[in-house]
Structure formats: C-alpha cells, structure tokens
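Encoded as structure tokens, the structure appears first; notes follow it.
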Amino acid sequence: MNPYIMSIFLLGLGLGTTITFMSSHWLLAWMGLEINTLAIIPLMAQHHHPRSVEASTKYFLTQATAAAMILFASSTNAWITGQWDINELSHPMSSTIMMLGLALKIGLAPLHTWLPEVLQGLDLTTGLIMSTWQKLAPFSLLMQMNLNNSVMITMAIMSTMIGGWGGLNQTQLRKILAYSSIAHIGWMILVLQFSPSLTLITLMIYIFMTLSIFCLFKMNKTTSINSLAMSWSKSPTITALSPLILLSLGGLPPLTGFGPKWMILSELTKQDLNMIATITALSALLSLYFYLRLSYAMTLTLSPNTTPITNQWRFNTKQPTIHLSISTMLSLMLLPLLPGIMTIIN
Amino acid sequence: KGPKKVLVIVATTISLWVFVAKRKHLLNTLLRLEVLGYESYFILFFLTLAACEGALGLALLVSIVRSHGNDCFRKFRVLQC
C-alpha cells in the first residue's frame, strides 16, 4: 500500500482512540469509535482476497451495529435525564443497551461470534492491531461508566467459558488467539465493577502477551499448528522461550500472566463471590489446555519424531525483532513488579 | 412529546431487528444501516459520519462482489470452521 495512505490510516487509528480517551461527552466518544472503525477497515481489506474482504465486511457490520447501539443508548439517556456526560449514564435501559453495544465492540460473550471469523480472515499484523489497539477505546468507556450489574458478571463468566471451550477444537492459530482474546476479556470485565484499575492492569498485560504471540507467529510465518511445529528449525532460541509465553497467556506462575488472574480472584473473594471465583478459575483450565497443546506442538515434537509438515524454506527474518524481544521480556518477567504496578495504577 | 418518543424508540428497534435478521442480500443490510443513522437531533453533525460509513459500506460491497461474485450473505462461508 502507498506509504502515505498507510500512514493516514494509522494516524486515523491513533486519532480515533485518542478522541475516545479524552471525551467526556458521549457523542464525541461515539465519533472516536467510528473513526477507529473507518480507519481499520481499509487496512483489513488491503489484500483484495476473498477471505480478507469477507472478514472486513463482517467486522464493519458488527462494529457499525455496536456504534449505533451506543448512539441510541446515549441519546435515550439524554432525552430522559438530560445528561450527556459519560459518568452520568443513569437510566437503567440506557445503561444496559450501552453495555451490550460496548460488549459487541470488544467481543464479549454472547456477542462474540464475529471475532474468530474476522480474526481468521486477517493477516497477522492487522489481526494484532484489531486484538490490541481496538480494545482500548471501548474499555476506556466501560471503565468510566459506573456499572452495578449482574448481567455484566454473567457475560464475563460466559466469556471465560466460551473462550475456553471454543478454542479447544481449533487448529488455526488466529482462531485460537480469538478465543484466547474472548477469555481474557471475560476476566477483565469480571472485575470491572469492583476495581477498574485491575481491569486496566489486566488489559495492559494482555496487550503485551498478545503482542509477543503475534510477533512470534509473524516471525515464524505460521498460521496453523502444523507449521508452528516446524519453528524449531527456523529459530531454536525463540522456540525455547515460546512455551513460556504461551503458559504466561494461560496464567501460570511465576510468569506475568498469573498476576492479573491472582489479583482478580483475590478481589472477587474480598467481595464474597467465592462461587464465581471458583467457576472462573476452573474455566481458565480450558484455555490452558489449548495453550499447552501449542507449546507441545512447538517443543515436544522434535525429530526423530515424524514431522507434521514438509520442511519450509528458512529465510532470514527481515522484520525488526525488537517488538518480539521487548514484549517477550515483559510477558515473562513482570510478575515481581506487580505490587509496584498496582500502586501506580490504583 | 410522549407518543413521539415511543414512536422513535419503536422505529429504532424495528430497524435494528431488520438489520440483525439475516437478509438475502448485503445491499438490504446496508440500506437498513442508513436508516439507523437518522435517529438523533444532531442530524447535520452525524449525517457526515453516517455518510462516510455508508460510503465505506458500499466500497466493501463492491469489493465483496468483485471477489466472491455475488452478495448473497448466506453463502459467505470461507472463514467458518
């Protein structure tokens, strides 16, 4: 793509999220979300391939519906209570519709069905932008609404379970990452009413871990488990570290991914929601299974076992590896800093 | 003001339902999306964004027809498991 046009789209993405971050009026927030959608659709459809075009169409339709629901909820609240402030979404019907609209934006169950198909149709870079950057603006709105809702906890628990169960039958890496995203967002939303700073910490750590996974897959140029199994021949070093990245996504100590889950479970028990904490912790095991399957395929199927695919050409990586190195380090070794992070963000 | 408010809410709900129910052609879906954009008092401000979105939708429709050959939404199964 023409570099000037590509930079316009990337600046548009930054602009949309920034507008939503700094808005205190619902209409401005809606405009930021719309600008985000408008900017990323051409990035998704830039390869004029049936898969990417279908993915961009599905993404466009779902995000436009969600934006329309957000606009409708804020307009209804303004009619009834006269308030356009983001904190002052007081009418219960508006609050519910707004929550559903934002849930559709981020892919929270039961409004998650578009996410695996859309992510499958994108190349890894655009998939990375969609999984990480596009979640920031809706979360900024969710964190500013003061919600007190059992529907939200229900959706969060459903997300963790559906994210776990849905990913079990997948062999395509992008679909696995989509279900992983659904599960992580379930964890984030679970604790939103009780401690929004924990949601922010979980979101940031999720972004680092997802960044490292996508960079890893981009470096190995793999999109399915079979070709992932041959990554040991392309670069043994990162193949040795990648099970740790995957287990960090699964939330095992002493890796970074354990920190948010630990803090969330602690917060839930403080709020006396022990059954919900147990159910969520058990559903994290489902996601852990497919992360383990990925690490098994990468590291425990070396020769002289039979190889799953024919050997691929091994070219030197031309892309900069600094993203992978920094994000890997952050997603493996940040746990000791967790108390400091919580103090800063609280 | 009471009956007018109810009418607007009913209109929005119906248009949202028609949008969500799977239609045979993508073009119908895009037309419904246009209707949803006319729902607020700040019509000039949002007409711009709604028009941009409509243009994007039409560009995607052209792209879909060029790559898939039709716009029958039910037949888009390239990405399903």
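The values are calculated or read from the model by the stated rules, or taken from the named source; none is laboratory data. Computed from a prediction, not measured in an experiment: that's the story for all the values here. Cβ sites come from the backbone with ideal geometry, for glycine too, and all protein chains shown count toward neighbours. Remember, those area values only see protein heavy atoms, side chains included, never the ligands or the DNA or RNA. Shrake-Rupley method; radii C 1.70, N 1.55, O 1.52, S 1.80 Å.
Odds and ends about this structure:
- Reachable aspartates and glutamates, given that their alpha-carbon falls under 19 Å from the alpha-carbon of A:K175 and they are not under 8 places away in the same chain: A:E54, A:E117, A:D123
- Remark: the Cα gyration tensor places region A:260-337 in the oblate category, a/c being 1.5 or greater and a/b not exceeding b/c.
- Of the residues A:K318, A:K105, A:K270, ranked by 1.4 Å probe accessible area with the largest first, the sequence reads A:K318, A:K270, A:K105.
- With 10 Å bins beginning at zero, the pair-distance distribution over Cα atoms of region A:109-220 amounts to 14, 47, 31, 7, 0 %.
- Taking 1.567 mPa s as the viscosity and 4 °C as the temperature, the Stokes-Einstein diffusion coefficient of the protein assembly as shown based on its alpha-carbon Kirkwood radius rounds to 58 µm²/s.
- FRET efficiency for A:M22 and B:C52, using Cβ-Cβ distance with R0 set to 22 Å, rounded to 0.05: 0.55
- J(HN,Hα) series, region A:157-169, from Karplus relation 6.51 cos²θ - 1.76 cosθ + 1.60, nearest Hz, glycine and proline x: 5, 4, 5, 5, 6, 5, x, x, 5, x, x, 5, 9
- Under a 5 Å amide H cut-off, with hydrogens placed 1.01 Å from N, A:A109 pairs with A:S159 among residues at least 5 apart or on other chains.
- For A:I129, the shell of other residues with beta-carbons less than 11 Å away shows a net charge of 0, using +1 for Lys and Arg and -1 for Asp and Glu.
- Net +/- balance of residues flanking A:Q312 in space, Cβ distance below 9 Å, scoring K and R +1, D and E -1: +3
- Residue pairs, from the table A:K58/A:K270; A:K135/A:K270; A:K58/A:K218, whose Cα atoms sit over 32 Å apart: A:K58/A:K270
- Spin-label model, A:S233/A:L300: points 7 Å from Cα along the beta carbon direction are separated by 2.2 nm.
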